[in-house]
Amino acid sequence: MNAIINCSRRSALKAIGAAGGLVLGTRLIPGTFKFASAAGETTLTPSVFVAIAKDGTVTLFAHRSEMGQGIRTGLTMLLADELEADWARVKVEQADGDEKYGDQYTDGSRSIVKNFQRLREFGATARLLLEQAAAKQLGVDVSEVKAQNHKVVHAASGKSLDYGELVETAAALPVPDVKTVKLKDPKDFRYIGKEVPIVDLPNMMVGTAKYTIDIRLPGMKYASVERCPVVLGKFASYDASETLKVPGVEKVVEIPPPTKPVMFKPLGGIAVVATNSWAAMEGRSKLKVQWDLGENASYDTTAARKEMEATASKPGDRFRSSGEIGLALLLGGWSGHIALACVSSALRQITVLTTFAAEEDERVLRPLDVILVTLLRSALAYIGDGGAPAEYRAGKARRRPGRERQGMCRRGFKPGRYH
Amino acid sequence: MAIKLTVNNTAYAVDVPAEMPLLWVIRDVIGLTGTKYGCGVAQCGACTVHIDGAAVRSCITSVGDVAGAVTTIEGLSANGDHPIQAAWTKHNVPQCGYCQSGQMMNAAAFIKEKPHPTDADIDAAMDGNICRCGTYGRIRAAIKDAAENI
């Protein structure tokens, strides 16, 4: 449950031009996905998600990373729709990386799943506050007014007030309990499910959209890293004398190789630090490195394939077991082949779904569903890998997307040479 | 020895080696980051800028060899309303947008030379600009639209 709080009075918000406006945030307990709902937890820093300035500009803080998948636009659609905001008057600020925003991972196609309800509730709460403010300013009952495209309209008198004219009053009102906030009927959606211009379009048109490579910080240096061509290898010796002669190169930094399991650890190497990108690259090209290729020196695609084939023929490790495996065995028992397919697939499905269920507490796992899905998929798999996406079967995709992979990794997948 | 050059109608004197690619002078020295680094070897088109109106790949153009006035995406028009920018906006062309500065600079130079391009003309002219999001269909439609309005 979202605990939406009013943080309009916080001075830090002046930086975004929202001083004097309406600002709603939430409190999160770092490290969990649970929202704090108890009153009195005033020591926690609220995470600002939406601010409405006196000129009516709505600012959303995007706490997910944009990679061309459109999440900055997607999050904005959720908020703006429930807020009844004019798309042209909504802008997005990129949130920094901070625990106060809770989970900021942008992966697994779950940013919308995780934020769909939450941001709609934020938008709807802000809309209700603006309606209450309008009713107060007009001296009418809140049931007589309705938010419509960045204005709150009083149909009986024909009067309307822009959001910007309401924020001061709204900021002084208590935030309604989110349970009392009415979300839109999906048929009334104006942005969700519709095509809208991406929020970064105007900036992209004139070259001011910010990508990671465009970040500039005071005193920032640029680095280019020469890496060992083999994972877990390291340099035996190197000569940076020519590198250090390149104008703009300031120093060379040794980065140790990772320890096993490698996973997402930095791969190590020799970093050339310079005052600009080109000097760093030029300096790197002039490094003379003798690599010690390490334990993977002779490991190649053929060796990897042989290892995987040998591993695949061994019994699997059971990471977790739950659900009605017996039923799968019973129903699948009429054919030896299908039974085997069922057992392996059942284990996989159940593991995947239970793992997922543990993460998404609102998701309820029903063992019978799992068995039915498993049976169907096993049968399809037996017929000809029919359970896999078409592009996978056609050999166009390297792996099955999404949860299959997540499940595999969680099911005690033994860290190998590259993991 | 400072090198003099004009970027978006502003004169600069930059103290860099003459062989430094124009791309890095624009991005890291002058500080205009709209021009993107993609491949560094003129194979992707992300770094495309204009020199005296002609599209060039700034990642392989040494700053010491630049003889004309440089225009980047930031200077393509005063208000972001060049026919190419207007058409790109109308067709909602970008997805991630990273290649689009280069796409627009290449397209802007192209339609000036060929105001009534065919699909084949567009494909040939834009062949060196890669878009990993695959916005080619919208790029072609936007160029045709812009060509009609120029």
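The values are calculated or read from the model by the stated rules, or taken from the named source; none is laboratory data. Everything numeric in this text was worked out from a predicted model, so none of it was measured. Don't worry about glycine lacking a Cβ; one is built from the backbone with ideal geometry, like all the others, and counts go over all protein chains shown.
Of the set (1) touching a residue at least 24 places away in the same chain (Cβ under 8 Å); (2) closer than 24 Å to B:ASN8 by Cα; (3) within 14 Å of chain A (Cβ to nearest Cβ), all apply to B:ILE150 but (3).
Residues in the range A:67-97 that are more than 14 Å from A:VAL196 (Cα to Cα) and touching a strand residue (DSSP E or B) at 6+ places or on another chain (Cβ under 7 Å): A:LEU83, A:GLU84, A:VAL92, A:GLU93, A:GLN94, A:ALA95. Quick check on A:LEU130: is it in contact with a Phe, Trp or Tyr (Cβ under 7 Å, 6 or more places away or on another chain), part of a helix (DSSP H, G or I), in contact (Cβ under 8 Å) with a residue 40 or more places away in the chain and of a type in the set (A, V, I, L, M)? Yes.
Listed here are the residues, each with its yes/no results for (1) surrounded by 20 or more Cβ atoms within 10 Å (Cβ to Cβ); (2) modelled with pLDDT under 95.
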{"position": "A:GLU131", "(1), (2)": "yes, no"}
{"position": "A:LYS136", "(1), (2)": "no, no"}
{"position": "A:GLY139", "(1), (2)": "no, no"}
{"position": "A:VAL145", "(1), (2)": "yes, no"}
{"position": "A:GLN148", "(1), (2)": "no, no"}
{"position": "A:SER160", "(1), (2)": "no, no"}
{"position": "A:THR169", "(1), (2)": "no, yes"}
{"position": "A:ALA172", "(1), (2)": "no, yes"}
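Residue selection: B:ILE30 fails the criterion of being within 15 Å of the chain's Cα centre (by Cα) and of a type in the set (A, V, I, L, M, F, W, C). Taking the range B:42-54 as the range and being within 17 Å of B:THR6 (Cβ to Cβ), in contact (Cβ under 8 Å) with a residue 40 or more places away in the chain and not in a loop (DSSP other than H, G, I, E, B) as the test, the residues that pass are B:VAL49, B:HIS50, B:ALA54. Whether any residue in the range B:29-40 is surrounded by fewer than 22 Cβ atoms within 10 Å (Cβ to Cβ), touching a strand residue (DSSP E or B) at 6+ places or on another chain (Cβ under 9 Å), facing another protein chain (nearest Cβ under 9 Å) and within 17 Å of A:GLY248 (Cβ to Cβ) is what I want to check. The answer is yes, given that some residue of the range B:29-40 is surrounded by fewer than 22 Cβ atoms within 10 Å (Cβ to Cβ), touching a strand residue (DSSP E or B) at 6+ places or on another chain (Cβ under 9 Å), facing another protein chain (nearest Cβ under 9 Å) and within 17 Å of A:GLY248 (Cβ to Cβ).
For A:SER313, the conditions (1) in the same structural domain as A:LYS251 (by TED's automatic domain parsing); (2) more than 33 Å from the chain's Cα centre (by Cα) are fulfilled apart from (1). Scanning the range A:215-271 for residues that are over 29 Å from the mean Cα position of the chain (by Cα), within 30 Å of A:GLN94 (Cα to Cα) and surrounded by 13 or more Cβ atoms within 10 Å (Cβ to Cβ) gives a single hit, A:ALA271.
If we keep just the residues of the range B:58-87 that are more than 20 Å from B:CYS39 (Cα to Cα) and touching a His at 6+ places or on another chain (Cβ under 9 Å), which is surrounded by the most Cβ atoms within 10 Å (Cβ to Cβ)?
Applying the filter and picking the extreme gives B:VAL70.
Scanning the range A:190-204 for residues that are surrounded by 15 or more Cβ atoms within 10 Å (Cβ to Cβ) and either charged (D, E, K, R) or touching a residue at least 12 places away in the same chain (Cβ under 8 Å) (or both) turns up A:ARG190, A:TYR191, A:ILE192, A:VAL196, A:ILE198, A:VAL199, A:ASP200.
For the range B:59-116, the set of residues classified as facing another protein chain (nearest Cβ under 10 Å) and aromatic (Phe, Trp, Tyr) consists of B:TRP88, B:TYR98, listed by residue number.
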